[in-house]
Amino acid sequence: MPLYEHVFIARQDLSNAQAEGLIEHFGTVLADNGGKLVDSEYWGVKTMAYKINKNRKGHYAFLRTDAPSGAVQEMERLMRLHDDVMRVLTIKVDEHAEGPSVQMQKRDEREDRRPRRN
């Protein structure tokens with residue numbers, strides 16, 4: 001099955017438990033349609049570059065999935081209809097990266113950064 005990565009932004013006035021509940025809910029939607037949620041990360045509340053629906057902040061979540069395209073389309077459709085989800089991004093990837101995403105790594109652990117010039 002194809003591999004996908006999803007990022008969605010939920011409204012800032014949700015609690016952390018509610019935002020993590022959305023991850024479980026959409027993982028269940030995938031499972032019901034023949035896919036599976038490989039990994040998920042809750043990135044927390046972050047400030048956005050611009051306002052979306054009068055919100056300056058949002059709960060960010062990251063999902064790695066292994067699902068057929070029909071399951072992904074259904075999950076995206078339900079995300080776009082859900083009142084608490086403001087934005088959705090889905091990318092098809094060749095393989096999932098091992099370990100935590102760049103967003104969850106500490107600055108010291110990132111190897112791809114070059115040293116600053118003075």
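FYI, it's all coordinate maths here, none of it is from the lab. As the structure is a computational prediction, the values presented were derived from the model and not from experiment. For neighbour counting, all protein chains shown are included, and Cβ atoms are generated from backbone atoms with ideal geometry for every residue, glycine included.
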- Residues that are part of a helix (DSSP H, G or I) and either crowded, with 16+ Cβ neighbours inside 10 Å or in contact with an Asp or Glu (Cβ under 9 Å, 6 or more places away or on another chain) (or both), drawn from segment 27-36: Gly27, Val29, Leu30, Asp32
- Message: Of the conditions (1) exposed (fewer than 12 other Cβ atoms within 10 Å of the Cβ); (2) not in a strand (DSSP E or B); (3) not β-branched (Val, Ile, Thr), Arg56 satisfies every one except a single condition; which number is it?
- Response: (2)
- Message: Among the residues of segment 84-100, what is the count of those that are touching a residue at least 12 places away in the same chain (Cβ under 8 Å) and over 15 Å from Gly27 (Cα atoms)?
- Response: 11
- Message: Criterion first (in a helix (DSSP H, G or I) and either acidic (Asp, Glu) or touching a residue at least 12 places away in the same chain (Cβ under 8 Å) (or both)) does Glu24 satisfy it?
- Response: yes
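What about Gly44, is it part of a strand (DSSP E or B), on the phi > 0 side of the Ramachandran plot and not basic (Lys, Arg)? Can you show your working first?
Working: part of a strand (DSSP E or B): yes; on the phi > 0 side of the Ramachandran plot: yes; not basic (Lys, Arg): yes.
It is true that Gly44 is part of a strand (DSSP E or B), on the phi > 0 side of the Ramachandran plot and not basic (Lys, Arg).
If we scan segment 37-52, do we find a residue that is in contact (Cβ under 8 Å) with a residue 12 or more places away in the chain, of a type outside the set (A, V, I, L, M) and exposed (fewer than 12 other Cβ atoms within 10 Å of the Cβ)?
First, the residues of segment 37-52 that are in contact (Cβ under 8 Å) with a residue 12 or more places away in the chain: 37-46, 48, 52.
Still in the list and also of a type outside the set (A, V, I, L, M): 39-44, 46.
Now narrow it down to the ones that are exposed (fewer than 12 other Cβ atoms within 10 Å of the Cβ): none.
Checked segment 37-52: no residue is in contact (Cβ under 8 Å) with a residue 12 or more places away in the chain, of a type outside the set (A, V, I, L, M) and exposed (fewer than 12 other Cβ atoms within 10 Å of the Cβ).
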- Task: Residues being part of a helix (DSSP H, G or I), touching a residue at least 60 places away in the same chain (Cβ under 8 Å) and over 14 Å from the mean Cα position of the chain (by Cα): count how many of those fall in segment 64-81.
- Result: 1
